[in-house]
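Let me begin by presenting the structure, written as structure tokens, before commenting on it.
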Amino acid sequence: MMNIARSADFELADVTIAADFLSVRHGLQHLFNQDPLADLSEESRDHSEIVLAEVLNNIVEHAYCGADGQIKISVTCQCGFLDIRIIDGGRPMPDLKLPSGELCPMFDGQDPPEGGFGWFLIRSLTQDLHYQRVQDQNILQFRLAR
Amino acid sequence: MELHAEKFDDVLIIRAVQDRIDAACAIRFKDKMREMTQSDAKRVILDMSQIAFIDSSGLGAIVAVMKAIGPGRKLELSGLTHTVQKVFRLTRMDTIFQIHERLPVGLAKAG
């Protein structure tokens, strides 16, 4: 399920997807085939897709916990940046705080971690990351270099 | 999740024949990899040259497979595309796998 609204004047993309992993995959594929994400440099595209995938999958897994729901993604482009806002109606972040996203201390090569990469990647690749809980909704905003 | 396997002496080549390893298929990927690596091959090389995108679930699944088939055997990776390389490098997982630019000579026709 996907609803899309676009305005070429402001290089804006609004996409609403269902909160499941397949919809995340298809939503990303759709977003990256339209402006303003379609014409990013290779590096910006890599970073944007990595970050969006992690944020959206986290919402499916931890905010909605497998329950039905929707996720709204808004992308605007200005001054060489992409400003992204993602809204969901799932459970709030624990303590209303974003995870610290630290990669586990350097492992010895024998027992590498199988998880905990998501927020590390998000924090590594975004700027101005900001989370709010407003009227039963999670609002996450961040900026990506274009 | 489509994976094709071919064995060359003691090397098992598994080619991932799709463009993503993401949260939507990570569990199936892990299960299928475990099933396919139940052989006596000393080396397992996962050809990722068709994988254009991987997320942290896919990365975690690859690490889990590496642990599952070890410690006597290694999981090696081949043909990482641009985005996939970036995810491995950022998370430092590029330091724990042997990563080939392409399939070793003589094994390139596998799949």
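Would you mind stating whether B:Val63 is more than 9 Å from chain A (Cβ to nearest Cβ) and closer than 30 Å to A:Ala18 by Cβ?
no
Of all residues in the range B:71-111, count the ones that are more than 18 Å from B:Ile21 (Cβ to Cβ) and surrounded by fewer than 17 Cβ atoms within 10 Å (Cβ to Cβ).
Residues meeting the conditions: 13.
Using the structure shown, decide if A:Gly101 is within 14 Å of chain B (Cβ to nearest Cβ), surrounded by 16 or more Cβ atoms within 10 Å (Cβ to Cβ) and in contact with a helix residue (DSSP H, G or I) (Cβ under 9 Å, 6 or more places away or on another chain).
Taking the combined requirement at face value, the residue satisfies it.
Scan (1) within 11 Å of chain A (Cβ to nearest Cβ); (2) touching a strand residue (DSSP E or B) at 6+ places or on another chain (Cβ under 8 Å); (3) of a type in the set (A, V, I, L, M, F, W, C) for the single condition B:Leu80 breaks and write down its number.
(1)
Report yes if some residue within the range A:125-134 is modelled with pLDDT of 95 or more and within 13 Å of B:Ser56 (Cβ to Cβ); otherwise report no. Break it down into steps so the answer makes sense when it comes.
Residues of the range A:125-134 that are modelled with pLDDT of 95 or more, as a first pass: A:125-134.
This time we only want the ones that are within 13 Å of B:Ser56 (Cβ to Cβ), so: A:125.
Yes, that holds for at least one residue.
Given (1) of a type in the set (A, V, I, L, M, F, W, C); (2) more than 14 Å from every other protein chain (Cβ to nearest Cβ); (3) touching a residue at least 24 places away in the same chain (Cβ under 8 Å), identify the lone condition not met by A:Val134.
Only one criterion is unmet by A:Val134, namely (3).
Wholly within the range B:2-111, which strands (runs of 3 or more DSSP E) include no fewer than the required count, namely at least 2 residues that are more than 30 Å from A:Leu103 (Cα to Cα) and without any contact (Cβ under 8 Å) to a residue 40 or more places away in the chain?
Hits in the range B:2-111: B:3-8.
Here is a check on your reading of the model: is A:Gly80 more than 14 Å from chain B (Cβ to nearest Cβ), of a type outside the set (A, V, I, L, M) and either in contact with a Leu (Cβ under 8 Å, 6 or more places away or on another chain) or more than 25 Å from B:Thr83 (Cβ to Cβ) (or both)?
no
Listed here are the residues, each with its yes/no results for (1) over 22 Å from B:Lys86 (Cα atoms); (2) without any contact (Cβ under 8 Å) to a residue 40 or more places away in the chain; (3) touching a Cys at 6+ places or on another chain (Cβ under 7 Å).
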site	(1), (2), (3)
A:Ala19	yes, no, no
A:His26	no, yes, no
A:Gln34	yes, yes, no
A:Leu40	no, no, no
A:Asp46	no, yes, no
A:Glu49	no, yes, no
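Confirm whether A:Glu49 is at the interface with chain B (Cβ under 10 Å from one of its Cβ atoms), in contact with a strand residue (DSSP E or B) (Cβ under 9 Å, 6 or more places away or on another chain) and modelled with pLDDT under 95.
no
Could you tell me which residue of the range A:64-77 is surrounded by the most Cβ atoms within 10 Å (Cβ to Cβ), considering only residues that are within 13 Å of the chain's Cα centre (by Cα) and either at pLDDT below 95 or away from chain B (no Cβ under 14 Å) (or both)?
My answer is A:Val75.
For every residue, the table says whether it meets (1) over 27 Å from B:Thr95 (Cβ atoms); (2) among the β-branched types (Val, Ile, Thr); (3) under 12 Å from the mean Cα position of the chain (by Cα); (4) surrounded by 14 or more Cβ atoms within 10 Å (Cβ to Cβ).
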position	(1), (2), (3), (4)
A:Ile84	yes, yes, yes, yes
A:Gly89	yes, no, no, yes
A:Ser124	no, no, no, yes
A:Arg146	yes, no, no, yes
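So is B:Met48 within 9 Å of chain A (Cβ to nearest Cβ) and under 13 Å from the mean Cα position of the chain (by Cα) or not? Can you show your working first?
Values: within 9 Å of chain A (Cβ to nearest Cβ): no; under 13 Å from the mean Cα position of the chain (by Cα): yes.
No.
If I filter the range A:21-36 down to residues being part of a helix (DSSP H, G or I), within 11 Å of chain B (Cβ to nearest Cβ) and among the hydrophobic types (A, V, I, L, M, F, W, C), which single residue comes out as surrounded by the most Cβ atoms within 10 Å (Cβ to Cβ)?
Taking the candidates together, the pick is A:Val24.
The values are calculated or read from the model by the stated rules, or taken from the named source; none is laboratory data. Being a predicted model, the structure only gives us computed values, none of them experimental. Cβ atoms come from the backbone with ideal geometry, glycine included; neighbour counts cover every protein chain shown.
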